[in-house]
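Readers should treat all values here as calculations from the given coordinates under stated rules, not as data from a laboratory. These numbers come from a predicted model, not from an experiment. Counting neighbours? That spans all protein chains shown, and the Cβs are built from the backbone with ideal geometry, glycine included.
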Amino acid sequence: MKPEEDSFEYKQCIVLRTDLNMSVGKMISQACHAAVEASEQTKKVKTSLWRRWRDEGAKKVVLKVDTLEELEFLSRKADAYGIVNVLIVDRGLTEIPPNTVTALGLGPDKNEIMDKVTGNLKLLR
């Protein structure tokens, strides 16, 4: 682990589907939707946790999955661990059909809890 990573106790994870072949701009947009929505929900239901995450630098990690089924599985797993999570459904105004689930925003929450859900996923590069 890098020394600067030791200082983070909390993180938010954003998971994007790669099977949709979204452009880079579309992926960034969907990741932003996921980050904002999950953050806003966490702020409402876990305010002190959200504040600690924000105060330590609001760490975010962007990950990838290959299918909708994987994304839905992660959402259910997050529910089981009590992690705030939101599935992002696109309106279909640009690149993909309406009502396509594109991303999942998780947390923020404690690193060790988040890793139980996302620890085996690969970074989006």
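Adding -39500 (n - 2.57) for every DSSP H run of four residues or longer, then dividing by how many residues the chain holds, sets the calculated 222 nm ellipticity at -13500 deg cm²/dmol. Counting Lys and Arg as +1 and Asp and Glu as -1 over every other residue whose Cβ lies under 9 Å from the Cβ of residue 15, the net charge comes to +1. Note on residue 44 and residue 91: their simple-model spin labels are 1.9 nm apart, each label 7 Å out from Cα toward Cβ.
Each eigenvalue of the Cα gyration tensor of the chain, multiplied by 5 and square-rooted, gives one semi-axis; in descending order these are 24, 15, 14 Å. Here the label points at residue 18 and residue 80, each 7 Å from Cα along the C-beta direction, are separated by 2.4 nm in the simple model. Taking a quarter of the surface of the Cα convex hull of the stretch 27-99 gives a mean projected area of 5.6 nm². Rounded to the nearest 10 degrees, the angle from helix 68-81 to the longest Cα principal axis of the chain is 30 degrees. Beyond a 25 Å Cα-Cα separation, which of these cross-linked pairs lie in this structure: 26/116; 11/43; 11/44; 46/122? Checking Cα-Cα distances, 26/116; 46/122 exceed 25 Å.
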